[in-house]
Amino acid sequence: MAFLLSSLGLLVVGAGGIRPCNLAFGADQFNSNTESGKMGISSFFNWYYFTFTFAMMVSLTFIVYVQSSVSWAWGLAIPTFLMLLSCVLFFVGTRIYVILKPEGSPLANMVQVIVAAVKKRQLKLPEQPWLSLFNHISTSTINSKLPYTDQFSPNTKKVHRQRRWHHSPEKMGVGMVLAIITMLVSAVVEERRRTLAVNNPVGIDPRRGLISSLSGMRLVPQLSLVGLSEAFTVIAGVEFYYKQFPENMRSIGGSFLFVGFALSNYLSSFLVSVVHRTTSGAATWQWLPQDLNKGRLDYFYYLIAAIVVVNFGYFIMCAKWYKYKGSGTS
């Protein structure tokens, strides 16, 4: 067990070191000061997510098939060989990569800002604070200058907003709307599947009960919507983190995507547990039993849709309030 847990721990550490950094490293190969470079960065994020999804498809189909039907040893040997091949290809190209040398510690700078803000919290703000700001930017730094903002000032009566959105929040908004539609479509299809299973079954499964006559092709629309929703949201999120974080914190920004994945998985498990506890033994049917024909999975989909609607409203509020890097004071 200790050997197994050690291997899983090394896998987590390795993935944690590779995934956030290769996002920033890949985008750094393009010059963000040129139009072609900006287009290249956006294209890179699209291709990155495409290849990431393709790799997941291969691992969840072909690799799992080999492990379950051929040999566990071969199932582990194949990804090991592919990882070794990727390492060789990576080091072969080190001479042509654009490599930005790290300087200082972004986390230390964050702590310095927090400490300074706490120490000076009792000081009175000058009438025109932007005139006395520390404007020095070292020639060796890659960070761009951030505009002054009084969004968090207690004396601010009017919040400065920007009517025009950037492309990243627009794409994320589209992804959230598609997620809502996905849940509604899933609920309708599930209700139809369950009705056909109860009233017109085509067989009985020993563990899962009555088999519905609904074609599995009816699941294609909702699964396609899931893919589109995730593509819009994830790619735009990665691009947003890369462009809005300070330049020397891009790898940290890239890690937010995978931290979000991890937290969402934990929250999903927690939500399922709550639904199990609140619906089991109640007067209504349990929503998520082993035999879905005896449950109400469609209610669960409606619940997710309602949660996404609330999240979408919160997202719109934050997107309007957020001040994008490089924008003016109003």
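The values are calculated or read from the model by the stated rules, or taken from the named source; none is laboratory data. Because the structure is a prediction, the values reported are computed rather than measured. All Cβ positions, even for glycine, are placed from backbone atoms using ideal geometry, and neighbour counts span all protein chains on display. Ligands, DNA and RNA are excluded from the accessible area calculation, which covers all protein heavy atoms including side chains. Shrake-Rupley method; radii C 1.70, N 1.55, O 1.52, S 1.80 Å.
Give me the Kirkwood hydrodynamic radius of segment 171-299, using the inverse of the mean 1/r over all pairs of distinct Cα atoms, in Å to one decimal.
Taking every pair of different Cα atoms in segment 171-299, averaging 1/r and inverting gives 17.3 Å.
Okay, helix-only estimate at 222 nm for the chain: each DSSP H run of n ≥ 4 adds -39500 (n - 2.57), divide by all residues, round to 500 deg cm²/dmol; what do you get?
One gets -21000 deg cm²/dmol as the mean residue ellipticity at 222 nm.
In Å and from the alpha-carbon atoms only, list the Rg and Dmax of the chain.
25.1, 78
For the chain, with the dipole built from +1 on Lys and Arg beta-carbon atoms and -1 on Asp and Glu ones, taken about the Cα centre, which of 128, 169, 324 lies farthest toward the positive end?
Final value for the positive-end residue is 128.
Would you mind checking 119/320; 38/119; 119/325; 124/325 for any pair whose Cα atoms are more than 29 angstrom apart?
Beyond 29 Å: 119/320; 38/119.
Using R₀ = 35 Å, calculate the FRET efficiency as 1/(1 + (r/R₀)^6) where r is the Cβ-Cβ separation of residue 81 and residue 208; round to 0.05.
Computed FRET efficiency for residue 81 and residue 208 comes out at 0.40.
Bins of 10 Å, beginning at zero and ending with the bin holding the largest distance: percent of Cα pairs per bin for segment 1-117, please.
All Cα pairs, binned at 10 Å, distribute as 10, 27, 32, 20, 9, 2, 0 percent.
Around residue 301, under 13 Å between beta carbons, what's the net of Lys plus Arg minus Asp minus Glu among the other residues?
Spelling it out: positives minus negatives among the neighbours equals +1.
For the chain, what % of the accessible area comes from carbon and sulfur atoms, probe 1.4 Å?
68 percent
Return one whole number: the accessible area per residue of the chain in Å², for a 1.4 Å probe.
Accessible surface, normalised per residue, equals 70 Å².
Based on alpha-carbon positions alone, could you give the equivalent ellipsoid semi-axes of segment 252-302 from the gyration tensor, as √(5λ), descending, whole Å?
Result for segment 252-302: semi-axes of 31, 10, 8 Å.
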